[in-house]
Every structure is written in structure tokens, then in C-alpha cells.
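Each remark here refers to the structure printed beneath this line.
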Amino acid sequence: MEFAIERLHPTIGAEISGIDLSKPIGEPTRQALNTALAEHLALVFPGQTLTPNEYLAAAKLFGPPMRQHYSQYHMAGFSDIGLIHHRDGQAPAEGWHTDHTNREHPPAATILYGVEVPESGGATSVANMRAAYDALPVDEQQRLEGMTTINGLDTDRRDTRQEDREKYGNPVIHPMIRTHPVHGSRAVFFHQGKALRIEGMTPDDSQIYMTDLLQRMIKPAIVYSHVWRKGDVLVIDNRATMHRAHGDYDRNQSRVLWRVIVEGDRPRLI
Ligand SMILES: [Fe+2]
């Protein structure tokens, strides 16, 4: 193997050293990285220097890039790179979520590249939802295994363009527990802001249940908080994690992340 893996937290996250993502990477290494992602759920590649084209080529190691539905934040000339920049009118996504659940094939991975980072604060936290599932009481696991969410675009965001609403706003149903296609394990899967409701429940009851579930499930023991250094690439496995941004930094400083999402399988419970 061409790289080294070092755990960053007892239950989630690993740092990969010995890989320059600006260079071509061979098939055995690509496979090993995908296996490492399925196991560790968050991979950090420190010290990268990437052009947009090199970044997109590196992202393809984990799947085909998908178009993101906030087209106003696409990088000029590179529509598959989304700019996360909170001075741009964007609010930090501080609630726990997995990305783009309004798509039939939500991303296998979300990939973030730290281009400008604040001196302190502004971390990205990632929670192991496989461990969250395992820790639930058996009767609640069984209940959730029979539940599905109906997903659309975020109900609380006013900055979604009409053209994106038309393309990406159709309801999509997903199971709340999904089986990981590489790892074979189960994880809790939903995006509270995109879940219009849980099937068979009112929107209000759905929100109350999801809020309660998140409060009970997400504990420090299953969370890795990534403190950004310029040049970090963070790859998050969206099939078995939730993540959130932290807005606790000086807004006079820049925090610019380039985001690529890569397509995954249709979520299913096996
Ligand atoms: Fe996200």
C-alpha cells in the first residue's frame, strides 16, 4: 500500500499520509482508499495543493461528481465544485445532516477542500451513524427499519433558485436505516431539513421525533471534529455519517471550502 492510515478518534476518522491528490492514483490505491472510507467514515488528506481540475480528478476516486443544487454557489467555470463561503450570504449548516437526500442517488461521499481557514473555530464535525444505530435499543432499531422519509429541498432555506427547485425539488423517499453497499453494516440515514415528513406521520410529529432521535444518538463518543488547516481535504462517507459546520469563528476572517459530492447507490435496507 502506498499510504499510511492513522486513526483520529476511537470510533471515526483517519488521516491518510503519503498521498498527493494532484497526481494520478492507481486502481489498487483507489480501492484501498474506498475500503478505508467505508471503515473509518471520514478521511483527512493533509497538505494538498490542488487546482479545480486536479481536485475534481481526485474526487472521482470516490465516485462520479454530482451537480449540487445551489447553483448560485457553483465555482465559475467548474459547475461540479460548490463554494462554501459564509461571507457570501450563506449561513453555516449547523444542524446535523447528510447531504442531498432529495436525490434518488444521494452522494456516497462529500469532499471538502480547505482553501481559506479561520485562525480558530469553524470546524466540521462528523458523526458515526453506524455506531448510532448500533447503540439504539433493539425495539427502536426495529421501528426505524420500517420507517421512510419523504425528502425535498430544505424547507428553511430561502436562497434556493427557482430553476433548482424545479430540477431537484421532486419528492424522493428513502429508508431511515440503510445498509452500506461496501461495508454491509447498517446506519441511521436522514436529513431533518430535507425530510418533509416521515411516511405515516405529520410534518410536526416527524420533526419532533427526528430532533429527539438526534439528541439521543449524537454524543462525543461517536463524533470527530475536524479543525481545518489550509490544504486539508476531508472526505466524508455520507452513507453512514451525519455532519455539521460550526459557525463559532470570527466572520471577519474567511472560511472557504470547495465542495464536491460524488454519486452513490440508491439507499436501501438489506
Ligand atoms: Fe452538508
Based on alpha-carbon atoms only, what is the radius of gyration of region 55-161 relative to the globular estimate 2.2 N^0.38 Å? 1.27
Once you have the alpha carbon radius of gyration of region 106-230, what is it after dividing by 2.2 N^0.38 Å, with N set to its residue count? 1.19
Pairs of alpha-carbon atoms within less than 8 angstrom and 6+ residues apart define the contacts here; what relative contact order does the chain have, in percent? 35
Taking trypsin sites (Lys or Arg not before Pro) that fall in a DSSP loop and have at most 16 other Cβ atoms within 10 Å as cut points, what is the longest piece of the chain between them? 68-156
Setting aside same-chain residues fewer than 8 positions from residue 167, which aspartates and glutamates have a Cα under 20 Å from its Cα? 80, 99, 104, 154, 156, 159, 263, 265
Compute and list, largest first, the equivalent-ellipsoid semi-axes of region 158-241 from the alpha carbon gyration tensor, each √(5λ) rounded to a whole angstrom. 25, 20, 15
Percent RCO, i.e. relative contact order, over region 177-241, from Cα pairs under 8 Å lying at least 6 residues apart: 38
Per residue, how big is the convex hull of region 1-71 when only Cα atoms are used? Give it in Å³. 114
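If you take the Cα atoms of the chain, find Rg, then find the Kirkwood Rh from the mean of 1/r over all pairs, what is Rg/Rh?
0.94
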For the chain, the longest site-free run once GluC sites (Glu not before Pro) in DSSP loop states with at most 16 other Cβ atoms within 10 Å are removed: 3-93
Where does the Debye-calculated log10 I(q)/I(0) of region 39-95 sit at q = 0.13, 0.15, 0.20, 0.21 Å⁻¹, using only Cα point scatterers of equal weight, no solvent? -0.43, -0.58, -0.99, -1.06
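Every number here is computed from the coordinates shown, using simple stated rules; none is lab data. It should be emphasised that the depicted structure is a prediction, and the values quoted were computed from it without experimental measurement. Backbone-built Cβ (ideal geometry, glycine too); neighbour counts: all protein chains shown.
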